[in-house]
Amino acid sequence: MKSNYKVAYDNEWSKLKQLDPTDVERRLNVKYYTDKRQYIVPFFEKDYVLDFDSETIYREKDRSIPEISDAIIILNYLTYSTENIINTNRWVSLKEIPNGGTLFYPAFYKASILELIKKFGKNINVFEQSALKLGGSYIKFGDKGYEFKVLPKVNICIAVWEGDDEISPNATILFEPSIQHLMHIETVIGVGMCVSNKLLLIS
């Protein structure tokens, strides 16, 4: 029996093959090479190859294979939207994203935000180091805030407030409102978890 991840992966490839590559390329700021039957998609500002013939995804520089959860994020970015979405340069919580954000927030908080608080809430310098390793750009939010360019039109913000003996630490993961038009809500959650997990792993 296929895992849920594998089913989702195969479904996304099926959807992608039905789309007009020229339209996808224009709307989502990616490249498609007709002769190679390949997309090039920046993921955390590193180019990934999506090869139609083998239905595989790998990093162009060293051919390393992403986690299947990351691969599904990349694929869903290409298949979900049908419009040319413009970023709003605003930030919102998952709770403010329609079609399930409020419903999924408690589990998302427990799995991702709470783990950030535990790891970095009393060691904000480690958060800063991890954010820079992941390619984050400093923004003025919280005691330390960083913006991450996950995909060409998908940026998220993670901010941490440092705690002490009197004040509890805190953290948040924020999205641009436009993400609701670029990805399924479960993929939006996956993006937040992806960045959180990567920060925790490299800390």
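The values are calculated or read from the model by the stated rules, or taken from the named source; none is laboratory data. No experiment lies behind these values; they were computed from the predicted model shown. As a convention, Cβ positions derive from the backbone with ideal geometry for all residues, glycine included, and neighbour counts pool all protein chains shown. Note: accessible area is taken over every heavy atom of the protein model, side chains too, but ligands, DNA and RNA are not part of it. Shrake-Rupley method; radii C 1.70, N 1.55, O 1.52, S 1.80 Å.
Annotations
- The packing ranking, built from the mean of other Cβ atoms within 10 Å per residue, places the peptides 145-151, 29-35 in the order 145-151, 29-35, highest first.
- For the chain, calculated [θ]222 nm from helices alone, where every DSSP H run of n ≥ 4 adds -39500 (n - 2.57): -12000 deg cm²/dmol
- Here the gap between Glu45 and Gln129, fully extended at 0.36 nm per residue and compared with their Cα-Cα distance, gives a gain of 28.4 nm.
- Cα-based shape type of the stretch 1-68, given that a ≥ b ≥ c are square roots of the gyration tensor eigenvalues and the cut on a/c is 1.5: oblate
- Per-residue 3J(HN,Hα) values for the stretch 117-134, derived from phi via the Karplus relation 6.51 cos²θ - 1.76 cosθ + 1.60 with θ = phi - 60°, read 4, 4, 7, 10, x, 10, 8, 5, 5, 5, 4, 4, 4, 5, 4, 5, 4, 7 Hz in sequence order (x marks Gly and Pro).
- Rg in Å to one decimal, and Dmax rounded to a whole Å, for the stretch 31-77 via C-alpha atoms: 9.8, 28
- Relative contact order for the stretch 128-203, counting Cα pairs under 8 Å that sit 6 or more residues apart, in percent: 25 percent
- The Cβ shell under 14 Å around Ser203 holds other residues with a net charge of +4, Lys and Arg each +1, Asp and Glu each -1.
- Residues in the stretch 20-36 carry Karplus couplings, in order, of 7, x, 5, 5, 4, 4, 5, 7, 10, 6, 10, 10, 10, 10, 4, 5, 9 Hz; the curve used is 6.51 cos²θ - 1.76 cosθ + 1.60 with θ = phi - 60°, and Gly or Pro positions show x.
- Amide H to amide H, with H built 1.01 Å from N, Trp161 comes under 5 Å of Asp143, Asn170, Ala171, counting only residues 5 or more places away or on other chains.
- With 10 Å bins beginning at zero, the pair-distance distribution over Cα atoms of the stretch 107-150 amounts to 27, 56, 17 %.
- Whether the stretch 163-203 is rounded, prolate or oblate, judged on the alpha carbon gyration tensor where a/c under 1.5 counts as rounded: oblate
- Cα gyration tensor category, rounded, prolate or oblate, for the stretch 42-133 with a/c compared to 1.5: oblate
- Ligands, DNA and RNA excluded, the heavy atoms of Asp62 present near 80 Å² of accessible surface to a 1.4 Å solvent probe.
- Taking a Cβ cut-off of under 12 Å around Ile113, the surrounding Lys, Arg, Asp and Glu residues balance to a net charge of +3, with basic ones at +1 and acidic ones at -1.
- Simple label model, 7 Å out from Cα along Cβ direction - Ser69 to Asp164, nm: 3.5 nm
- Entry comment: accessible area of the stretch 123-203 is 43 Å² per residue, from protein heavy atoms only and a probe of 1.4 Å.
- Exposure of Phe44 as accessible area (Å², to 10), given a probe of 1.4 Å and all protein chains: 30 Å²
- Each residue of the stretch 163-176 was assigned a 3J(HN,Hα) from its phi angle through the Karplus expression (A = 6.51, B = -1.76, C = 1.60, θ = phi - 60°), giving x, 9, 5, 10, 10, 6, x, 8, 7, 8, 10, 10, 10, 6 Hz with x at Gly and Pro.
- Taking only the Cα atoms of the chain, the radius of gyration and Dmax are 17.3, 62 Å.
- Local charge for Glu60 was computed over the other residues whose Cβ lies under 9 Å away, with Lys and Arg +1 and Asp and Glu -1, and equals +2.
- Extension gain, Lys118 to Tyr33: 0.36 nm times the residue separation minus the Cα-Cα distance gives 26.2 nm.
- Considering the stretch 132-203, its Cα convex hull presents a mean projected area of 5.4 nm².
- Label-point gap, in nm, between Asp53 and Asp23 - each point 7 angstrom along Cα→Cβ: 2.6 nm
- Here the gap between Asp143 and Lys61, fully extended at 0.36 nm per residue and compared with their Cα-Cα distance, gives a gain of 26.0 nm.
- Within the accessible area of the chain, the carbon and sulfur atoms contribute 49%, probe 1.4 Å, all protein chains present.
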